[in-house]
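Working notes for the structure below.
The values are calculated or read from the model by the stated rules, or taken from the named source; none is laboratory data. From a predicted model like this one, the values you see are computed outputs, not experimental measurements. Don't worry about glycine lacking a Cβ; one is built from the backbone with ideal geometry, like all the others, and counts go over all protein chains shown.
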């Protein structure tokens, strides 16, 4: 049965977890006093020595979330012990599990692929361990298409181990397949497969098993997120009628939320999506506009600016730009996504400026000195509207801007082409509008 655990070792592990969680798991490593480190090493050695009992290891839950935050010296000591134990006893599932988790937290794909047999071995040696199956699936999704077969096997094993057990446990584990812990959901993996591939029936069986779990959950606790997942699965499997039936069931839930709060953006965006799926395009657009009022301007002539000035104190009027293609860029130096988009805007500006493309920046900054410094350092050549008012800028209110970056692309007649002119879409829209016209 292995060594008995000392209470102070358990306390050391609990204290270590508390330290990590208090700090938000932000840093990869935390300093641990040598005395505490020794207790933690003893704790894990005993857990590994204990092996598997009743199909489970006694390693702590959610170990994959913590192992890469261990101090290097401590990790090396535990890993070395696990390797020695596994060499002496190839059937020790606890040693295999620790080594598999440690290996798959490395960033080198080749090494991780070579280490996959450890995950396979653990799933066999610990036949009731759900966590290792989930971890194997998550690890395989990080490695992409090359491990898709292994991802399917891990998922099949996980669902098999959940079958017939506590419903709430099944639901919680299945829901984790739709979190940031995995790089590809089961539906995403299914959609990647050629429908003539021999494993397609197995993926469909997996999706049907997931449907059963989520449908059972809805019988107990109606949840909009679960409804959406169910509808998405039906859509992916080509059962549009079933997907629409799910959307119709969830529609009253969001409508009731809107009665309680007419500005509930989650309800508005969900209803826009639902009506889009049900073919109600006018209603879908109505809800999208309520979610993001700027969408109402698409296809419309944008009204003239309220009186505003640029950084040089000169008035800026849209009328002065008639005959040109114009991008209105609502942004700020404190906005990460805005800054990330600037290189793209600069590249497009350099490509198309001589062909009639202009940019007007509308800064929501409040510090003029910092703004000027940023513009100079990043060599932004276009005019900047600035009034120190931030979100109280009159153009923000006039055009219904609720979030930045917001980028309005306006044609030569002043009509809004798009209010989502970002990334590659910006260049595509400009090229379609300007074409070979050099006038």
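Hey, among 356, 323, which residue is at positive phi, surrounded by 17 or more Cβ atoms within 10 Å (Cβ to Cβ) and assigned by TED's automatic domain parsing to the domain that holds residue 419?
Exactly one of 356, 323 is at positive phi, surrounded by 17 or more Cβ atoms within 10 Å (Cβ to Cβ) and assigned by TED's automatic domain parsing to the domain that holds residue 419, namely 356.
Does residue 90 satisfy being in the same structural domain as residue 38 (by TED's automatic domain parsing) and more than 16 Å from residue 58 (Cβ to Cβ)?
So residue 90 fits the description; yes.
Restricting the first residue to the range 362-373 and requiring it to be over 22 Å from residue 327 (Cβ atoms), which pairs with a second residue that is not in a strand (DSSP E or B) meet a Cβ separation below 7 Å and a spacing of at least six or different chains?
Pairs found: 366/388; 366/390; 368/386; 368/388; 370/333.
Quick one: is residue 378 touching a residue at least 24 places away in the same chain (Cβ under 8 Å), in the same structural domain as residue 333 (by TED's automatic domain parsing) and buried (at least 19 other Cβ atoms within 10 Å of the Cβ)?
No, not satisfied.
How many residues are on the phi > 0 side of the Ramachandran plot and free of Cβ contacts under 8 Å to residues at least 60 places away in the same chain when one looks only at the range 35-61?
Looking only at that region, the number is 1.
Given (1) under 30 Å from the mean Cα position of the chain (by Cα); (2) in a helix (DSSP H, G or I); (3) at pLDDT 70 or above; (4) crowded, with 16+ Cβ neighbours inside 10 Å, where does residue 59 come up short, assuming only one miss?
Status for residue 59: all satisfied but (2).
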